[in-house]
Amino acid sequence: MDLALVLTVFTTLFLVELPDKTFIATLVLATKYRPLYVWIGVASAFAVQTVVAVLFGRVLTLLPEKPVHAIVALLFLVAGFVLIKGAKEADEGEAEAEEEFGAKAKPAEGLKAIGASFLILFLAEWGDLSQLATAGFVARGGNPWLVGLSAFLALALVSALGAVAGKALLKRLSLSAIRTAGGVVCLLFAALMVAALAGVEFPAWVPV
């Protein structure tokens, strides 16, 4: 197992997704439905999205290597700037996100609650930065099984934290700081990828 790849994908996806509206949405849904139902629904949505992202990344590997790697570097560069630029508004947007997802959650129990959680998160998070990052790691030549598993575990952990301890965490965590950290990580990967394209050689444990 490529431990460096697993840790890199997991950490990156966790930092990208934790300050995202996914966390707030899961928190709000957990106030409407049983947290376990919410987590099952949200994690299932993430599982489907992760599979799609991995498949998209595999398709990209069929294209010429250097242009694909350049596109992936650009993707991480844009993701980094988007995260950092939006960091200032992250905390202010919390109340807005709570209101938005609270309105979407209709009373439900059992399978209906799971289905509602799945649908709300699946539609809200389609094509977000975590999916693009997952596809990017695969396109860069990462083992698709390890990338997919690591990404899903990170997303499942974020949703579990949101469902079980969302309110308590928000009292101790600054979403803007986490968002900035995620942006810095994305910019770092972009810089490493550009350096690799320029011919710089890195140790085997560096996942670029």
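The values are calculated or read from the model by the stated rules, or taken from the named source; none is laboratory data. Because the structure is predicted, anything quoted here is derived from the model rather than measured. Quick reminder, even Gly has a Cβ in these numbers, built from the backbone with ideal geometry, and neighbours come from all protein chains shown. Ligands, DNA and RNA are excluded from the accessible area calculation, which covers all protein heavy atoms including side chains. Shrake-Rupley method; radii C 1.70, N 1.55, O 1.52, S 1.80 Å.
What to note about this one:
- Test: residue in the range 165-179 that is modelled with pLDDT of 80 or more and open to solvent by less than 70 Å² (accessible area, probe 1.4 Å): no
- Residues that are among the polar types (S, T, N, Q), farther than 23 Å from residue 120 by Cα and open to solvent by 10 Å² or more (accessible area, probe 1.4 Å) number at least 1 in the following helices (runs of 4 or more DSSP H) confined to the range 1-85: 3-17.
- Test: residue in the range 67-76 that is over 30 Å from residue 36 (Cβ atoms), of a type in the set (Phe, Trp, Tyr) and either at pLDDT below 70 or out of contact with any helix residue (DSSP H, G or I) (no Cβ under 6 Å at 6 or more places or on another chain) (or both): no
- Within the range 144-161, the set of residues being over 10 Å from the mean Cα position of the chain (by Cα) and closer than 23 Å to residue 59 by Cα comprises 144, 145, 146, 147, 148, 149, 150, 153.
- Residues of the range 120-148 that are open to solvent by 10 Å² or more (accessible area, probe 1.4 Å), assigned to a helix (DSSP H, G or I), touching a residue at least 40 places away in the same chain (Cβ under 8 Å) and of a type in the set (A, V, I, L, M, F, W, C): 120, 122, 124, 129, 132, 146.
- Candidates 183, 115 - the one that is closer than 21 Å to residue 24 by Cβ, open to solvent by 10 Å² or more (accessible area, probe 1.4 Å) and either basic (Lys, Arg) or at pLDDT 80 or above (or both): 115
- Taking the conditions (1) open to solvent by 60 Å² or more (accessible area, probe 1.4 Å); (2) under 15 Å from residue 20 (Cα atoms); (3) at pLDDT 85 or above in turn, residue 100 satisfies each one other than (3).
- Qualifying residues in the range 110-143 (those that are under 16 Å from the mean Cα position of the chain (by Cα) and of a type outside the set (A, V, I, L, M, F, W, C)) - the one nearest to residue 35 (Cα to Cα): 125
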